[in-house]
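What follows is calculated from the coordinates using simple rules that are stated; it is not laboratory data. As the structure is a computational prediction, the values presented were derived from the model and not from experiment. When we count neighbours, we look across all protein chains shown, and the Cβ atoms used for this are built from the backbone with ideal geometry, even at glycine.
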Amino acid sequence: LLFHNRSAKLKTRFFQLYYYNFKYSNHTRFKYAFLLVGGEGPIRPFDEARKPHIANEGNIVVQWAKQFGAALFALEHRFYGESRPTADMSVENLKYLNSQQAIEDIAYFIKQMNRRYGDPIWIAFGASYSGSLALWARQKYPELIAGAVASSAPMEITLDFWGLKDGIGDVFRAHSETCAENIEKAFAEMSDLMKTGKGREKLQQLLALVLSPFQNPCSFGVH
């Protein structure tokens with residue numbers, strides 16, 4: 001649903017991409033279901049030859065699924081990848097892009113899967129922002145999600161959050177003050193290069209990047 005609200009008259013639906021992997025479980029009934037929550041990016045890899053996370057046995061979550069005989073699911077975040085609920089990204093439409101609606105998407109998805117596969121025990125997984133979503137969804141819907149595993153998930157949202165940058169900088173400075181300065185200068189130069197098409201082309205050549213959407217700075221969260 002575009003807007004999750006019981007009293008709302010707007011019931012517009014959209015296609016939300018998800019992957020599933022039943023390699024380690026029964027295809028119709030399973031005790032455990034592991035959900036990889038999508039974050040601010042597509043869940044389909046740029047290189048179609050690469051496997052999604054839920055099919056990559058190098059992923060610890062996939063290893064746990066193999067250990068517990070769990071079904072694996074990955075749900076893409078609204079407004080990213082192929083999960084586009086609106087025709088354009090106008091300011092009016094972007095009001096539907098928020099963590100509250102993303103949490104409702106997770107709950108709605110689990111309810112739909114439960115109708116199809118019974119009521120397995122759901123564990124949500126995520127990292128960074130998607131880890132926050134996993135935890136918030138578990139907190140709001142404990143009857144749907146038995147547990148959540150989050151890596152480096154920010155739980156206290158702070159404007160102008162400088163703590164992570166300074167913390168990492170302290171690690172580099174402990175090794176070498178010159179090293180920390182050089183890294184800071186390099187990131188500043190990379191940021192400047194990302195502002196223009198020619199700059200991005202230069203950076204692509206210098207770093208041997210092969211990702212096709214490199215020309216679009218939004219794909220890399222550059223603002």
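If amide hydrogens are placed 1.01 Å from N in the peptide plane, which non-local residues have theirs closer than 5 Å to the one on Tyr32?
Amide H neighbours of Tyr32, under 5 Å, 5+ apart: Ala71, Ile121.
Restricting the count to DSSP beta bridges whose residues both fall in the stretch 1-155, what percent are antiparallel, rounded to a multiple of 5?
25
Relative to the present Cα-Cα distance, how much length would full extension add between Cys179 and Lys165 at 0.36 nm per residue of separation?
Between Cys179 and Lys165, full extension yields an extra 3.6 nm.
Taking the Cα centre of the stretch 23-121 as the origin, how large is its charge dipole in debye, to the nearest 20, when only Lys and Arg (+1) and Asp and Glu (-1) carry charge on their Cβ atoms?
520
Using the Cα gyration tensor of the stretch 68-158, with a ≥ b ≥ c the square roots of its eigenvalues, what is the shape: rounded (a/c below 1.5), prolate (a/b larger than b/c) or oblate (neither)?
Oblate is the answer for the stretch 68-158, as a/c is 1.5 or above yet b/c matches or exceeds a/b.
With a cut-off of 8 Å between alpha carbons and a minimum separation of six or more residues, what is the relative contact order of the chain in percent?
18
Return the label of the correct value of Rg and Dmax of the Cα atoms in Å, as calculated from the structure shown, out of [x] 18.1, 65; [y] 39.6, 113; [z] 20.0, 60.
Given [x] 18.1, 65; [y] 39.6, 113; [z] 20.0, 60, the calculated one carries the label [z].
So if I place +1 on the C-beta of Lys and Arg and -1 on the C-beta of Asp and Glu, and nothing else carries charge, what would the dipole magnitude of the stretch 162-207 be about its Cα centre? I want it in debye, nearest 20.
The dipole of the stretch 162-207 has a size of about 300 debye.
So what is the calculated 222 nm ellipticity per residue for the chain, using -39500 (n - 2.57) for each DSSP H run with n of 4 or more, over all residues, to the nearest 500 deg cm²/dmol?
So the calculated ellipticity at 222 nm is -12000 deg cm²/dmol.
Applying a 10 Å radius around every beta-carbon, put 21-34, 122-135 in order of their mean neighbour count, most first.
122-135, 21-34
Taking the highest mean first, how do the peptides 154-162, 183-191, 12-20 order by number of other beta carbon atoms within 10 angstrom per residue?
12-20, 183-191, 154-162
State the answer as a single residue: which of Pro120, Gly167, Leu193 lies farthest towards the positive end of the charge dipole of the stretch 89-198, with beta carbon charges of +1 for Lys and Arg and -1 for Asp and Glu, about the Cα centre.
Pro120
Past the 26 Å Cα-Cα mark, which pairs from Lys140/Lys165; Lys11/Lys95; Lys31/Lys140?
The answer is Lys140/Lys165.
For labels at Met194 and Phe3 in the simple 7 Å Cα→Cβ model, what's the distance in nm?
3.3
Quick query: amide H of Ala124 versus all other amide H atoms, modeled in the peptide plane; which residues come in under 5 Å with a sequence gap of 5 or more or a different chain?
Leu35, Gly147, Ala148, Val149
Tell me which residues come under 5 Å, amide H to amide H, from Phe3 once H is placed; ignore anything under 5 positions away on its chain.
Placed amide hydrogens put Thr12 under 5 Å from Phe3.
So if I place +1 on the C-beta of Lys and Arg and -1 on the C-beta of Asp and Glu, and nothing else carries charge, what would the dipole magnitude of the chain be about its Cα centre? I want it in debye, nearest 20.
In total the dipole reaches around 1160 debye.
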